[in-house]
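Following: one structure in structure tokens, then a few remarks.
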């Protein structure tokens with residue numbers, strides 16, 4: 001699983017396409033595929049190509065403005081994110097997502113990296129399960 005690390009990154013220039021993608025992302029709390037985001041943009045009456053949506057999502061992820069992870073099928077899925085380092089609980093059925101902090105994970109990651117002499121580390125953690133509403 002991969003997710004965006006939230007270090008300091010340059011801001012993304014607010015083009016019409018990026019504003020349309022940002023507006024679509026603001027309309028949901030769970031992770032969505034680029035195709036689903038593209039469909040939402042089209043439903044809102046904006047014309048942005050699917051390739052532009054992919055490029056925009058990648059740029060926003062690189063700038064730390066959106067989270068990207070891969071679902072269990074390997075598909076990249078996206079959503080707006082908070083500014084702090086976090087991990088995700090993701091429902092396999094409905095895609096509902098909860099951002100969680102993991103102090104124990106942070107301590108373990110630092111300890112393992114230190115034991116092996118690694119520095120400048122980053123990590124990601126996504127936990128997939130079934131949410132209470134889908135059980």
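The values are calculated or read from the model by the stated rules, or taken from the named source; none is laboratory data. A quick note: this is a predicted structure, and the numbers were derived from the prediction, not measured. As a convention, Cβ positions derive from the backbone with ideal geometry for all residues, glycine included, and neighbour counts pool all protein chains shown.
Points worth noting:
- Any hit, segment 103-125, residues being touching a strand residue (DSSP E or B) at 6+ places or on another chain (Cβ under 8 Å) and more than 30 Å from residue 53 (Cβ to Cβ): yes
- Evaluating residue 55 against the criteria (1) free of Cβ contacts under 8 Å to residues at least 12 places away in the same chain; (2) surrounded by fewer than 14 Cβ atoms within 10 Å (Cβ to Cβ); (3) within 18 Å of the chain's Cα centre (by Cα); (4) part of a helix (DSSP H, G or I) leaves one unmet condition, (2).
- Condition met for residue 61 (surrounded by 15 or more Cβ atoms within 10 Å (Cβ to Cβ) and under 26 Å from residue 131 (Cβ atoms)): yes
- Residues (on the phi < 0 side of the Ramachandran plot, more than 17 Å from the chain's Cα centre (by Cα) and loosely packed, with under 13 Cβ neighbours inside 10 Å) located in segment 20-52: 43, 44, 47, 49, 51
- Output for segment 96-135, where each listed residue is farther than 26 Å from residue 28 by Cβ, modelled with pLDDT under 85, in a loop (DSSP other than H, G, I, E, B) and out of contact with any helix residue (DSSP H, G or I) (no Cβ under 6 Å at 6 or more places or on another chain): 122
- Looking across segment 23-39, the residues that are closer than 15 Å to residue 79 by Cβ, at pLDDT 90 or above and out of contact with any strand residue (DSSP E or B) (no Cβ under 8 Å at 6 or more places or on another chain) come down to 24, 35, 36, 38.
- One residue from 41, 37 being assigned to a helix (DSSP H, G or I), under 22 Å from residue 131 (Cβ atoms) and in contact with a helix residue (DSSP H, G or I) (Cβ under 7 Å, 6 or more places away or on another chain): 37
- Residue within segment 86-95 that is under 25 Å from residue 56 (Cα atoms), in contact with a helix residue (DSSP H, G or I) (Cβ under 6 Å, 6 or more places away or on another chain), touching a residue at least 40 places away in the same chain (Cβ under 8 Å) and not in a helix (DSSP H, G or I) present: no
- Residue count for segment 12-52, restricted to those that are free of Cβ contacts under 8 Å to residues at least 40 places away in the same chain and closer than 23 Å to residue 92 by Cα: 7.
- Residue selection: residue 99 satisfies the criterion of being under 11 Å from the mean Cα position of the chain (by Cα) and free of Cβ contacts under 8 Å to residues at least 24 places away in the same chain.
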